[in-house]
Amino acid sequence: MPALGVIPQAVALQNLLTDLYSSPVVVDRWQRLEPWDVARVRLRGSAVPRSVVVKWIHTGKGQGQVGTSSWRLRTELAALRFLGDDVGIGLAPRVIAADTAARFLVLEDLAPRVPLDHLLGRDGAAAHWERLAAYAHALGELSAATAGRAEIYYARRGRLGPVDPAADLAGRLAPLRDTAIEHAVALGAPLQGRAACELTAALDALYDPGPFLALSNGDAYTNNILLHASGPADARLIDFEFGGYTHALTDAVCLYVPGPAWMTVGDPVTTGLADQYRRALARGIPEAEDDRQYGYGLAAACMSWALIRLQRFAMLDARPPGDRNRPQLISTLEAVGRTARTHKALPHLTAWIRRIAALLRRRWPDADQDFADPARFPPYLPAFPNGPAR
């Protein structure tokens, strides 16, 4: 077992599981799930699972950095135990054991499920509408099941260490919006007048979600949902390191607007993904059936995401023509504008976003493309020679 040294907590893991099962447990072998600090670990022993998944936090240099902060481990532990023990839904992996001092979690192995983005990358979206529908339903179900239970979650999370519910509500990427507004000024599209007022109102709605307050894993895109490649989808959501209570419709943005690896998500209304999500959401948040409340909240969440993505403008502007991320940014802004117009919300802010997209098309002739046909830019496939956009 020479490879065990790569996992800093290998001995602690064996000891923890031996105590848990009151019987010797041996870590037989492990498979690192690159590039994350996650491994599938094969076990030997009586009455133990054949394999588990271990997530750990490095104990070396850089502990002040986000990537190595132990609060992420505590957040995931609290969220998963909250879902399993307090809410009682099987939408996420079960926590088998945890050692916060040694900085690792032992989780249920969800294999043979695989990440949805892998299936989309291999086969394209058209081959997996059933799994995309399961994905949309799972996002709605998570919010429906956890709405109204924030106090229970934060009591559990607080026992593991300091936590800031207000920061969870705003989202970890919220500070990036100010940079985006500065970029808009540089592009010749300052945020002012009615558009500025609408943005303030939209952000206020996100920060005061009322009945739409629900638990999110903080990254609802398709890399963080596991499903069976064939047969019943049986979806499980993973990666709750940035979990917390926020406006439920922030999780719906990924159904309408391109994410880091999407060129386009097509039309969720035509494909039925929008209905799958909304019906599941309304089971726990009846206000989701109100077109005005739902449409406004969705438009506000999409606008927030548009600004978070727009903060990348300076970086993309410095890249050579043909960079795949330029058209991806334009398609993101235009999808946000299209979603808001469909739901008849934030008209002035929508006009501002569309103006920025038009300015980028003129500034980047190489990115002035037609995104109307989703088949031209299938999710996660190499639409450009240097691979899918991020």
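Read-outs: derived from the displayed coordinates by stated rules, not from any lab. Worth saying up front: this structure is predicted, and the values here are computed from it rather than measured. Cβ atoms come from the backbone with ideal geometry, glycine included; neighbour counts cover every protein chain shown.
Summing charges over all other residues whose Cβ lies under 15 Å from the Cβ of S230, with Lys and Arg as +1 and Asp and Glu as -1, gives 0. When shorter helices are ignored and each DSSP H run of at least 4 residues is given -39500 (n - 2.57), the per-residue value for the chain at 222 nm works out to -13500 deg cm²/dmol. Counting charges near Q31 (Lys, Arg +1; Asp, Glu -1) among other residues having Cβ under 9 Å from its Cβ returns a value of +4. In order along segment 230-244, the Karplus-derived 3J(HN,Hα) couplings, from 6.51 cos²θ - 1.76 cosθ + 1.60 at θ = phi - 60°, round to 8, x, x, 5, 6, 6, 9, 8, 10, 6, 9, 4, 9, x, x Hz, and Gly and Pro are given as x.
Fewest-first ordering of S22, S304, S143 by other beta carbons within 10 Å of each residue's beta carbon gives S22, S304, S143. Using Cβ point charges alone (K and R +1, D and E -1), the dipole size of the chain about the Cα centre works out to roughly 680 debye. In the chain, the longest principal axis of the Cα atoms and the axis of helix 70-81 are about 80 degrees apart. Taking the longest Cα principal axis of the chain as reference, the axis of helix 347-363 is set at about 90 degrees. Less than 5 angstrom separates the built amide H of I96 from those of V106, L107, E108, all sequence-distant by 5 or more or on a different chain.
Both the radius of gyration and Dmax for segment 181-333 are 16.9, 53 Å, in that order, over alpha-carbon atoms. Along segment 170-185, what does the Karplus equation 6.51 cos²θ - 1.76 cosθ + 1.60 (θ = phi - 60°) give for ³J(HN,Hα), rounded to whole Hz, x for Gly and Pro? So the Karplus estimates, Gly and Pro as x, are 6, x, 5, 9, 3, x, 5, 5, 4, 4, 4, 5, 5, 5, 4, 4 Hz. With Cα atoms as the point set, segment 39-159 shows a radius of gyration and Dmax of 16.8, 45 Å. Dividing the mean sequence gap of close Cα pairs (under 8 Å, 6+ apart) by how many residues the chain holds gives a relative contact order of 17 percent.
Between amide H atoms placed 1.01 Å from N, distances below 5 Å from R29 occur with R42, all of them 5 or more places distant or on a separate chain.
Packing around the peptides 222-231, 172-181, taken as the average count of other Cβ atoms within 10 Å per residue, puts them in this order, highest first: 222-231, 172-181.
Backbone geometry of segment 313-325 corresponds, through the Karplus equation with coefficients 6.51, -1.76 and 1.60 at θ = phi - 60°, to 3J(HN,Hα) couplings of 3, 4, 5, 5, 5, 7, 7, x, x, x, 4, 5, 7 Hz, x marking Gly and Pro. Could you work out how far helix 193-207 tilts from the main Cα principal axis of the chain, as a 0 to 90 degree angle to the nearest 10? For helix 193-207, the angle is close to 20 degrees. Toward the positive end of the charge dipole of segment 124-376, with +1 on the Cβ of Lys and Arg and -1 on the Cβ of Asp and Glu, the farthest Cα among I238, A280, V336 is that of V336.
Since only G171, C197, I181 are under comparison, the one whose Cα sits farthest along the positive direction of the charge dipole of segment 124-376, derived from C-beta charges on Lys, Arg, Asp and Glu, is I181. Putting +1 on Lys and Arg Cβ atoms and -1 on Asp and Glu Cβ atoms, find which of H118, A133, L107 reaches farthest to the positive end of the dipole of segment 80-145. The listed residue farthest towards the positive side: H118.
When the Cα centres of segment 278-307 and segment 98-136 are compared, how far apart do they sit, in Å? Distance between centres, Cα-based: 25 Å.
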